[in-house]
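Worksheet: one structure, shown below.
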Amino acid sequence: MSEDGPRLSSRRFWAERERRCLAILGRGLMLLRDMAEVPESEVDLNRCLYFCLSTASSELFPNEIIAHVSECNNQPDSGDATRAARELKRPDFQWVYRDRYESDPHRSNKQFVVECKRIGKSVRADWVFNLNYVGHGVARFRDSKWGYGAAMPSGAMVGYWQSMAGEQLVKEINDEAQRIHLPALTLIDTWNERSVTRLEHEFERPIMPSPFRLHHLWIDLRVE
């Protein structure tokens, strides 16, 4: 096998893990939306989503042995000589698996990281949902202190879409992203009312690897 063989296999393995995680996430969000009573707070939404993801995984990949975990600390990275500040931070969800193609055993444990935030019109002046989606969500995948998705090529954000039209929503989020020097989100395909709308962008960061691709899944929870 050529020198690039293991690296290529590892990239393909990650791509397959990413595909599965996004599929489970998308299905889990639809199960959340279809609940008889959908909670409003982020904490309660995350807790319900945890169980919806379990159901989605069983439906889509019944033989899957890799489970998601909730509010688990960022995992250590062998590139840090001592415990880093990011190891004290807790993304909302992670899928952790072992990459059998990774030549460095210290880097063989991989994590697909997901952070979730409410989006739409805020109910409090001191906690603006769309600004926080960027500053307390997206930016955590870029900033070294938080280091979400460190050593990984991609991750995901979930938006609990509770109000506002989609075009105004993405405008506010993109305005804030560009204000802190993050690229705008790009809509994938079309807006999906009463379902999951997907967006994505790619950005440079001081954490390797860079650039980093961030997938966005927004579940429409607006009350008609």
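The values are calculated or read from the model by the stated rules, or taken from the named source; none is laboratory data. Computed from a predicted structure; not experimentally measured. FYI the Cβ positions are ideal-geometry reconstructions off the backbone, even for glycines, and counts take in every protein chain you see. For accessibility, only protein heavy atoms count, side chains too; no ligands or nucleic acids. Shrake-Rupley method; radii C 1.70, N 1.55, O 1.52, S 1.80 Å.
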Computed over the stretch 153-218, protein heavy atoms only, probe 1.4 angstrom, the accessible area per residue in square angstrom equals 46 Å²
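Report, in debye and to the nearest 20, how large the dipole of the chain comes out about its Cα centre when Lys and Arg carry +1 and Asp and Glu carry -1 on their Cβ. Walk me through the intermediate numbers first.
Numbers: 31 positive and 33 negative charges, 75 e Å.
Around 360 debye, computed over the chain.
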So the angle from the long Cα axis of helix 4-33 to the longest Cα principal axis of the chain, reported in degrees to the nearest 10, equals 20 degrees
In Å, the C-alpha Rg and Dmax of the stretch 4-44 are 16.3, 51
Over its alpha-carbon atoms, the stretch 62-135 yields an Rg and a Dmax in Å of 16.4, 50
Checking the stretch 122-151 for trypsin sites (Lys or Arg not before Pro) in a loop per DSSP with at most 12 other beta-carbon atoms within 10 Å yields LYS145
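Using the C-alpha gyration tensor of the stretch 74-188, what are the square roots of 5 times its eigenvalues, in whole angstrom, with the largest one first? If you can, show how the numbers build up before the last one.
Working: eigenvalues 185, 42, 31 Å².
So the three semi-axes of the stretch 74-188 are 30, 14, 12 Å.
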Expressed to two decimals, the stretch 1-125 has a Cα Rg over Rh, using the Kirkwood radius, of 1.04
Taking only the alpha-carbon atoms of the stretch 104-165, the convex hull volume per residue, in cubic angstrom, is 87 Å³
Sorted largest first, the C-alpha extents of the stretch 138-224 along its principal axes in whole angstrom are 42, 23, 23
Per-residue accessible area, 1.4 Å probe, largest first, puts TRP127, TRP161 in the order TRP127, TRP161
Helix 166-179 sits off the longest principal axis of the Cα atoms of the chain, rounded to the nearest 10 on a 0 to 90 degree scale, by 50 degrees
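May I ask you to give the percent of accessible area on the stretch 60-212 that is carbon plus sulfur, with a probe radius of 1.4 Å? Walk me through the intermediate numbers first.
Values: 3830 of 7660 Å².
Carbon-and-sulfur percentage of accessible area, whole number: 50.
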The Cα radius of gyration of the chain, divided by 2.2 N^0.38 Å with N its residue count, comes to 1.01
